[in-house]
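Everything below concerns the one structure shown next.
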Amino acid sequence: MDTLFAPWRMEYILGPKADDCVFCIPESTATDSEGYVLVRGTLCFVIMNRYPYANGHLMVAPFRHVPDLTDLDDRESAEMMYWIRGAVQALRQALNPEGFNVGVNLGDVAGAGIQEHLHVHVVPRWHGDTSFMTVCGHTRVVPEHLSSTYARLAPLFVSLSPSTLL
């Protein structure tokens, strides 16, 4: 089995955390672009990761502050999957990745940096997206500024609507 070491994450994991939950976003949409919120559904939303593993690293979360998949009701669960699929579709169109990592870390020992508010990671991947910089320099190379990626992705979510699910 291969092991991926990400020692740069330890600073974040052990470091001080904000008192408020980063996934409990304001009701107002006025600061969505500053907070990298790509889209708000009825029960869930899609947001860019400020500390991405790769360019275009997105997260899908319910508005409701719950820690576990089993805490979701059927509508929230369906809408989360809808937005996960929408995130993959938008990332394919905007960034043309060769694959994806899609996953949930439930609990501290599973790697959840923010375990109190459920979120699903959608990470686009390319051959060679981790290089000697990651291995030798313990540094990720994200080739595009978050604001530029946001500007490319946000318009692609406009036509998506989970209303048919609810």
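Please treat every number below as a calculation from the coordinates, not as lab data. Keep in mind that what you see is a predicted model, and the values were worked out from it rather than measured. As a convention, Cβ positions derive from the backbone with ideal geometry for all residues, glycine included, and neighbour counts pool all protein chains shown.
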Problem set entry | Relative exposure of Leu14, Leu43, Leu38, judged by other C-beta atoms within 10 Å (fewest first) | Leu14, Leu43, Leu38
Seminar exercise, completed: Spelling it out for Phe100: with amide H atoms placed in the peptide plane at 1.01 Å from N, the residues 5 or more places away or on another chain with amide H under 5 Å from its amide H are Arg125
Exercise. For Cys44, Cys21, what ranking results if the residue with the fewest other Cβ atoms within 10 Å of its Cβ goes first?
Worked result: Cys21, Cys44
Exercise. For Val104 and Ser159 in the same chain, what is the full-extension length gain: residue separation times 0.36 nm, less their Cα-Cα distance, in nm?
Worked result: 17.2 nm
Problem set entry | Label-reachable residues, region 92-107, where backbone N falls under 13 Å from a point 7 Å from Asp68's Cα toward its Cβ | 106-107
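Less than 12 Å Cβ to Cβ from Glu98, Lys/Arg counted +1 and Asp/Glu -1: what total charge do the surrounding residues give?
Net charge in that neighbourhood comes out at +1.
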Seminar exercise, completed: Full extension between Arg125 and Glu27 adds, at 0.36 nm per residue less the Cα distance, a length in nm of 32.1 nm
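Would you kindly state how much longer the chain becomes between Gln115 and Leu14 on full extension, computed as 0.36 nm times their sequence separation minus their alpha carbon distance, in nm to one decimal? Spell out each step's value before the answer.
Values: separation 101, 0.36 × 101 = 36.36 nm, distance 1.35 nm.
Between Gln115 and Leu14, full extension yields 35.0 nm more.
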For this session: Based on other C-beta atoms within 10 Å, arrange Ser28, Ser147 from fewest to most.
Result: Ser28, Ser147
